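In what follows, a structure is listed as structure tokens, so that the remarks can point back to it.
The values are calculated or read from the model by the stated rules, or taken from the named source; none is laboratory data. Predicted model, so just to flag it, every value in this text is computed and none were measured. Every residue, glycine as well, gets a Cβ built from its backbone with ideal geometry; the counts of neighbours run over all protein chains shown.
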There are 2 protein chains.
Amino acid sequence: MVVNNKVDSLSYDVEAPPPQGASAGSAAAAAPPPAPAHHHAHAPAAPVMREGTAVMELHKVSLPERRSTVKALRQRLAEVLFPDDPLHQFKNQSSARRLVLALQYFFPIFQWGSAYSPRLLRSDLIAGLTIASLAIPQGISYAKLANLPPIIGLYSSFVPPLIYSLLGSSRDLAVGPVSIASLVMGSMLREAVSPDDQPILYLQLAFTATFFAGVFQASLGFLRLGFIVDFLSKATLTGFMGGAAIIVSLQQLKGLLGIVHFTSHMGFIDVMRSVFKRHDEWEWQTIVMGTAFLAILLLTRQISARNPKLFWISAGAPLASVIISTILSFIWKSHSISVIGILPRGVNPPSANMLTFNGSYVALTIKTGIMTGILSLTEGIAVGRTFASINNYQVDGNKEMMAIGIMNMAGSCASCYVTTGSFSRSAVNYSAGCKTAVSNIVMAAAVLVTLLFLMPLFHYTPNVILSAIIITAVVGLIDVRGAAKLWKVDKLDFLACMAAFLGVLLVSVQMGLAIAVGISLFKILLQVTRPNMVVKGLVPGTQTYRSVVQYREAVRVPAFLVVGVESAIYFTNSMYLVERVMRYLRDEEEMALKSNQSSIRCVVLDMSAVAAIDTSGLDALSELKKILDKRNIELVLANPVGSVAERMFNSAVGETFGSDRLFFSVAEAVAAGACKAQP
Amino acid sequence: MVVNNKVDSLSYDVEAPPPQGASAGSAAAAAPPPAPAHHHAHAPAAPVMREGTAVMELHKVSLPERRSTVKALRQRLAEVLFPDDPLHQFKNQSSARRLVLALQYFFPIFQWGSAYSPRLLRSDLIAGLTIASLAIPQGISYAKLANLPPIIGLYSSFVPPLIYSLLGSSRDLAVGPVSIASLVMGSMLREAVSPDDQPILYLQLAFTATFFAGVFQASLGFLRLGFIVDFLSKATLTGFMGGAAIIVSLQQLKGLLGIVHFTSHMGFIDVMRSVFKRHDEWEWQTIVMGTAFLAILLLTRQISARNPKLFWISAGAPLASVIISTILSFIWKSHSISVIGILPRGVNPPSANMLTFNGSYVALTIKTGIMTGILSLTEGIAVGRTFASINNYQVDGNKEMMAIGIMNMAGSCASCYVTTGSFSRSAVNYSAGCKTAVSNIVMAAAVLVTLLFLMPLFHYTPNVILSAIIITAVVGLIDVRGAAKLWKVDKLDFLACMAAFLGVLLVSVQMGLAIAVGISLFKILLQVTRPNMVVKGLVPGTQTYRSVVQYREAVRVPAFLVVGVESAIYFTNSMYLVERVMRYLRDEEEMALKSNQSSIRCVVLDMSAVAAIDTSGLDALSELKKILDKRNIELVLANPVGSVAERMFNSAVGETFGSDRLFFSVAEAVAAGACKAQP
């Protein structure tokens, strides 16, 4: 056992008295190293060191190969911008092959198009028709959510899916307007322009914002800054979505109750006040119809949720509700139930001439574009990744961003507003058995038929049914179980979630988002400002040092203080680091005094988990060394990783510590430190 | 040797064929564990495992003791807000003693006051008079930098030092106006109000901003948010100070050249244009006098820098210059040399009535207060810490903030503007041998004498000499060597430095600071977004796995991919983590294919350096496991630290991995993984 574990036998005063009898024999047995690769024999080190004569053979701390500044910078940039290494497949290929690959890279349709078969078409046809039946009522409803004419929602379900099917790399995404982006666009633009008083200006702003959203999305993809989307954490989104869903549902009270004069504000309090102040406008016919259909829709939702094979029940229910309610309203012809009215027939009119890039609203449209752009990207990419992971293929985030961005830029010139991959419709698409993006083409075709021939049929469709459809769609965004899980696992994540939720509900959609992103970033900074630091002890039976808090069997080595730093050392935490080590030292010395042990003679900083260090961090290490030197305590570093070691040797700090204070591991540092302290 | 190193002998196909002869003998020698604590005997494990029969005894991954949510939160908060554990000294004390300690805590003067001796007084007297000789001309000069009447600079050198000597915990800090904060206040207030046209309003704003600066500083200290100051990294400050020094020096061209009509802008281009457009206003007498004194002052600076014992030469030179130039100007009585003019005699008039908290300038004064407050805090605390470290005592950052804040709040009611510990004067204070804060009291007394009796003497002091004094003072802030060191050690830090420098020089002081802070934060976020990940191999002769890039001798274990993650796993990097592991896997499999080795059967994630994980991170691990499961590759985790292990067991992820996929160390994970894969 002595043979196996040099450090254990080194803990020479208290915990584990070294076995005296075994040492000589076993050392002799293991003395001639049998394989040349193993000449750093640890075996004889322990007994020999106890006599303080021989120096144990230690492993040196290595540096990574020297790279030029340019090369280092290039590698770093490649890692930041091209973590997916998109050029990998082009390596070692002929130029013709490369052309084909490039074409396939930019237009994924060429990738799966050649292998397309009637069997796949059949699946896509069914899926496409299924999502069309959902997309048409949802498109009309979501357009209303953005304060836009219902027809815009249908336009937006026609052109964008076609473009996406050419450029997108997800096979399951169902493209079209989505609730959150519609809500945000509606609430942001409404603050400046009333959609009722200035409908043309409002429409212009909506298209312009869509254009900017597209530009923003495409440039994020092109500049490979896709990681910015990752800054919206899941916790944040859970809260944000929940709050937005409630806001959206409350807004639908206008339709459900048949109120004509409704607040244009989004806040919970404004809406509730408006609802009760206008109770004279409540329409019982509308309320009955709305409640009935809402109940049916929620019921079908429940059925499909219980039994995923019955997905078509909830998928078909909205269209069925629209048809039935339209027939009812046509028969009734009641004036008290407001209906959609006349919708123009025909395909998307061009709208490039409506984009306005000057005037006082530019800042607003850019802001709206960025907000809706980032939200719709987040949804689209999350949905794409989810289904890609289920079906075991990869979607390329940056490519998806470019596809969605180009789709929105083109859409803004064809009377479409912001679109992306919708979560609910993609789920239906997947359940209905779609195989490729052709299902989007089928859906677009179905929308086209609707636009060309079926528009007059919507004349008598009651508005209340759209409200019911919206509520049913957004109610799924309220993820109480997800929030509960956050509470259980991570209180700060839960806080971010609740802040986003309450911010959206009580202040405004933008504020909620801003608060949530702020908390998420603050959490990261906090971790870098107050990094975990632990006192480590030797785990008996190993050569390994672990946190004494986590491993209660780990024992401190007398006269040594081993501190593990579990964060990069940056200007944000360098002062803290010094103070924290000094505090550990104080506590340990007090403890040693109490138990009559020898006082600390050597502090070992375990740098294994220090991924990076900056100039302030290097200074802090020198500083700490200076302070400890004055108290006659040695400071040594164990296992600095490549980039940290490199930096230390590039700066004066490397000299301060010298190679005799840098160790391969804590175990070796303790062994060598003991050597020096002993004579 | 086999005995010593189980994992080495496990790498069973290529690199290190296990020595067949030695195993039996040495295993037998070490077989009976000599100490009961060492019953996890590694020794026999290796040879037995080669036959694939016995299961090696593994160490369990432990969890830290369970804490209640409240306790965990309290400990976390204590670590964030009270890293210095200020109540430690109150433990186990009588209540009378506690009262004394509390008094000493809030008024450090009680700490050193009782032991004050005539010997200390003598030292402090010399030091205090020395810094007074520097503080008087600098005070007048810096007030001009802030566009304030010169007398305000003297007022600010009287009251604040007295307050600081009661409350401050640094013994070496020389308190008074400083150049950077003066510059920033001047440039920010001047944008809104002209100090020439509306001097009273300007003065009101300056005092109000000072008050807000004090409130901000004191509340940072009181709320123990001192770590916010750490967000100004050293690199940022190097660039910012350098840029500000050049801006300040350029502004002095007005005085040095005797120009009357000068631009009120701060930018490099504006100033240079102003200098050359107004060359008809250049005054040769002023230029000669200014250049001569500037040369002398710079020379004395050089002398003192070469020989620190001659510190008094540079310390006394400004006052000497003021006296000589005043005499010269009195003799000359030339109208072409502008002089300070009449200064009111007497101590600080009260100015509490000048604080304005309503009207259109509140936002401006708050902004100015926060900016100057944070800058002066940074300087004061950095100076305090520097000299505390030289003299081997500690300053408490949060207490210092409260002291400086209270000093500024009080100052704003006594006709003082923002003050803090000045770097240059504190250095002189230290060199002159100050022992306690009494040197500040001595300085204040000297300033009082000046205010009461010597003011008429300043009548003929030429303005040009003040410009020369300012340039000499700020030239030391340009730290070219520091910038060069940054370039050598850390390119991104250098970038932050240059951005701050150029931002200050070409855009504006605030912009430069904003850019620099932005880059500093971005750098942190980047590191969290794209964390270091390394492929690890076994270092021959140890049981330790290290980066194969850093340790070229480290060998990969066939069929295993060991990946070390060197960052907390957060929503910002969870997707990247998955993608990066998949890329490593692809590369390693290609390599294995080429060299005809067995393909990867097990991925070991070394979590030693993962200090924290959030819900997105946990999801990413499940996701990765799912993807690898589909490819029939095992995913196991090695050495999760306490908080990470705790979170995993609190969430479903713990169940996904189960205790048989969590290992104490990479070595044990490889050993156990090999066990499973072998049969």
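From the residues in segment B:604-639 that are more than 9 Å from chain A (Cβ to nearest Cβ) and assigned to a helix (DSSP H, G or I), which one is farthest from the chain's Cα centre (by Cα)? So, considering only residues that are more than 9 Å from chain A (Cβ to nearest Cβ) and assigned to a helix (DSSP H, G or I), the one farthest from the chain's Cα centre (by Cα) is B:629.
Would you be able to say whether some residue in segment A:193-212 is among the polar types (S, T, N, Q), modelled with pLDDT under 80 and assigned by the TED database to the domain that holds residue A:510?
no
Each row is one residue, and each column tells you yes or no for (1) surrounded by fewer than 19 Cβ atoms within 10 Å (Cβ to Cβ); (2) in a helix (DSSP H, G or I); (3) β-branched (Val, Ile, Thr).
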residue	(1), (2), (3)
B:467	no, yes, no
B:472	no, yes, yes
B:481	yes, yes, no
B:501	no, yes, no
B:505	no, yes, no
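One line per residue, one yes/no per condition, for (1) surrounded by fewer than 16 Cβ atoms within 10 Å (Cβ to Cβ); (2) in the same structural domain as residue A:165 (by the TED database); (3) assigned to a loop (DSSP other than H, G, I, E, B):
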| residue | (1), (2), (3) |
| --- | --- |
| A:309 | yes, yes, no |
| A:315 | no, yes, no |
| A:368 | no, yes, no |
| A:408 | no, yes, no |
| A:414 | no, yes, yes |
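Table: residues versus (1) away from chain A (no Cβ under 14 Å); (2) closer than 15 Å to residue B:159 by Cβ; (3) modelled with pLDDT of 90 or more.
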residue	(1), (2), (3)
B:379	yes, no, no
B:385	no, no, no
B:417	yes, yes, yes
B:439	yes, no, yes
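Here is a yes/no grid of residues against (1) within 35 Å of the chain's Cα centre (by Cα); (2) away from chain A (no Cβ under 14 Å); (3) at pLDDT below 85; (4) surrounded by 23 or more Cβ atoms within 10 Å (Cβ to Cβ):
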site: B:233; (1), (2), (3), (4): yes, no, yes, yes
site: B:236; (1), (2), (3), (4): yes, no, yes, yes
site: B:239; (1), (2), (3), (4): yes, no, no, yes
site: B:244; (1), (2), (3), (4): yes, yes, no, yes
site: B:262; (1), (2), (3), (4): no, yes, yes, no
site: B:265; (1), (2), (3), (4): yes, yes, yes, no
site: B:272; (1), (2), (3), (4): yes, yes, no, no
site: B:280; (1), (2), (3), (4): no, yes, yes, no
site: B:283; (1), (2), (3), (4): no, yes, yes, no
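Residues of segment A:586-606 that are modelled with pLDDT of 90 or more and either outside the structural domain of residue A:646 (by the TED database) or of a type in the set (A, V, I, L, M) (or both): A:603, A:604, A:605.
If you go through segment B:143-166 and keep only what is surrounded by 24 or more Cβ atoms within 10 Å (Cβ to Cβ), among the hydrophobic types (A, V, I, L, M, F, W, C), in a helix (DSSP H, G or I) and within 28 Å of the chain's Cα centre (by Cα), you end up with B:143, B:145. All of B:581, B:610 fail the test of being at pLDDT 85 or above, in contact with a strand residue (DSSP E or B) (Cβ under 7 Å, 6 or more places away or on another chain) and within 14 Å of residue B:528 (Cβ to Cβ), apart from B:610.
So if I check each of B:571, B:657, B:663, which one is among the aromatic types (Phe, Trp, Tyr) and in contact (Cβ under 8 Å) with a residue 60 or more places away in the chain?
Working: B:571 fails: in contact (Cβ under 8 Å) with a residue 60 or more places away in the chain; B:657 fails: in contact (Cβ under 8 Å) with a residue 60 or more places away in the chain.
Being among the aromatic types (Phe, Trp, Tyr) and in contact (Cβ under 8 Å) with a residue 60 or more places away in the chain holds for just one of B:571, B:657, B:663, which is B:663.
For segment A:585-600, the criterion of a residue being under 31 Å from the mean Cα position of the chain (by Cα) and more than 22 Å from residue A:650 (Cα to Cα) is satisfied by no position. Has segment B:327-344 got at least one residue that is among the aromatic types (Phe, Trp, Tyr), out of contact with any Ser or Thr (no Cβ under 7 Å at 6 or more places or on another chain) and at pLDDT 85 or above? Yes, there is a match, as at least one residue in segment B:327-344 is among the aromatic types (Phe, Trp, Tyr), out of contact with any Ser or Thr (no Cβ under 7 Å at 6 or more places or on another chain) and at pLDDT 85 or above.
Tell me which residues, restricted to segment B:580-596, are touching a residue at least 12 places away in the same chain (Cβ under 8 Å) and facing another protein chain (nearest Cβ under 10 Å). Before the answer, list the steps.
Kept after step one, since they are touching a residue at least 12 places away in the same chain (Cβ under 8 Å), are these residues of segment B:580-596: B:580-582, B:584-585, B:588, B:592.
Within segment B:580-596, B:580, B:582 qualify.
Residue-level check: of (1) within 11 Å of chain B (Cβ to nearest Cβ); (2) crowded, with 22+ Cβ neighbours inside 10 Å, residue A:516 misses just (1).
So which residues in segment A:526-579 are part of a strand (DSSP E or B), small (Gly, Ala, Ser) and at the interface with chain B (Cβ under 8 Å from one of its Cβ atoms), if there are any at all?
Initial filter on segment A:526-579 (part of a strand (DSSP E or B)): A:533-538, A:545-547, A:555, A:560-565, A:569.
Those still in the list that are small (Gly, Ala, Ser) too: A:537, A:547, A:564.
Answer for segment A:526-579, where residues must be part of a strand (DSSP E or B), small (Gly, Ala, Ser) and at the interface with chain B (Cβ under 8 Å from one of its Cβ atoms): just A:547.
Scanning segment A:170-185 for residues that are among the hydroxyl-bearing types (Ser, Thr, Tyr) and either outside any loop (DSSP other than H, G, I, E, B) or not assigned by the TED database to the domain that holds residue A:426 (or both) returns A:179, A:182. Residue A:356 falls short of the stated requirement of being part of a helix (DSSP H, G or I) and either over 27 Å from the mean Cα position of the chain (by Cα) or more than 14 Å from every other protein chain (Cβ to nearest Cβ) (or both). Quick one: is residue B:548 modelled with pLDDT under 85 and of a type in the set (A, V, I, L, M, F, W, C)? No, not satisfied. Somewhere in segment A:644-653, is a residue over 14 Å from residue A:569 (Cβ atoms), within 38 Å of the chain's Cα centre (by Cα) and without any contact (Cβ under 8 Å) to a residue 24 or more places away in the chain? Within segment A:644-653 (the criterion being over 14 Å from residue A:569 (Cβ atoms), within 38 Å of the chain's Cα centre (by Cα) and without any contact (Cβ under 8 Å) to a residue 24 or more places away in the chain), the answer is yes, since at least one residue qualifies. Residue A:658 meets the conditions (1) small (Gly, Ala, Ser); (2) closer than 29 Å to residue B:382 by Cβ; (3) within 13 Å of chain B (Cβ to nearest Cβ) in every case but one. The failed one is (3). Here residue B:284 meets the list (1) touching a residue at least 12 places away in the same chain (Cβ under 8 Å); (2) more than 28 Å from residue B:184 (Cα to Cα) almost entirely, failing just condition (1).
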